[in-house]
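Values quoted throughout were computed directly from the atomic coordinates according to the rules given, and no laboratory measurement underlies them. Please read these numbers as outputs of a predicted model, since none were measured by experiment. Heads up, the Cβs are rebuilt from the backbone with ideal geometry, glycines too, and the neighbour counts pull from every protein chain shown.
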Ligand code: ADP
Ligand code: MG
Ligand code: MG
């Protein structure tokens, strides 16, 4: 996986988030402050702009540039959380990027979200999509399946994890202020994490 692969991944994320912006914002309207889709759409559009303006020359640089933009430009919880995930992932990546190296770096990114958010799977956050995606990815890579198939399994695990947040009670973030009333709604951050993984599975390589 080279620099172009990572650029294509971020282009795919920006596209999917644009398409699903209103849906993400509706999810956040139910249990948050109705800004998740607009926050991320603006943030990922700026990520693409910065990557076009200062072309990165390595996968690590793609991830660090995206991280900087998201942390500086996306308000709210999700900007710093996604920004930190991509930063730690970038720092953990060794060139050339192999499937096993990608999976290990992704796991480092997910662990950084848990640390920063003081959250665990089951708290009804983006981690409920990211953690199972990381597990599925690592397992698929260990099994030695084609990288495309590994990414598809990770994307499916993220989507299932996001839907599985519906019956959960939120324990972190704004949704936790609602207590029992957070039950019955999909977590917006878990939904956007599923899009990030769907974009990964759609990169042409
Ligand atoms: P804000 O809640 O500040 O408006 P967003 O709407 O952009 O930020 O993002 C909300 C999402 O962030 C939630 O749906 C949840 O997935 C995630 N989130 C919030 N707090 C945490 C946390 N402490 N740990 C992990 N994820 C969190
Ligand atoms: Mg919000
Ligand atoms: Mg907000």
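Computed quantities for the displayed model
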read-out	value
Helical contribution to [θ] at 222 nm, DSSP H n ≥ 4, -39,500 (n - 2.57), averaged over the chain, rounded to 500	-23500 deg cm²/dmol
Cα-based helix-to-principal-axis angle, 188-202 vs the chain, degrees rounded to 10	30
Residues of segment 81-96 with amide N under 18 Å of a point placed 7 Å along Cα→Cβ from residue 2	94-96
The chain: relative contact order as a whole-number percent, Cα under 8 Å and 6+ apart	22
Ranking of 36, 23 by count of other Cβ atoms within 10 Å, fewest first	23, 36
Kirkwood-based shape ratio for the chain, expressed as Rg/Rh from alpha carbons	0.95
Relative contact order (%) - segment 56-104, alpha-carbon pairs under 8 angstrom, separation at least six	36
For segment 61-106 versus segment 1-50, the gap between their alpha-carbon centres in whole angstrom	15
Shape category assigned to segment 106-186 from the gyration tensor of Cα positions, a/c cut at 1.5	oblate
Degrees, to the nearest 10: 78-92 long Cα axis against longest axis of the chain	30
Net lengthening on full extension, residue 183/residue 145 (0.36 nm per residue, minus Cα-Cα)	10.0 nm
Computed Rg/Rh of segment 39-121, alpha carbon atoms with Kirkwood Rh	0.98
For segment 162-205 versus segment 116-155, the gap between their alpha-carbon centres in whole angstrom	14
Neighbour-count ranking [beta-carbon atoms within 10 angstrom, fewest first] of 69, 125, 38	38, 69, 125
Peptide ranges 57-64, 190-197 listed from the most packed, as the mean C-beta count within 10 angstrom indicates	190-197, 57-64
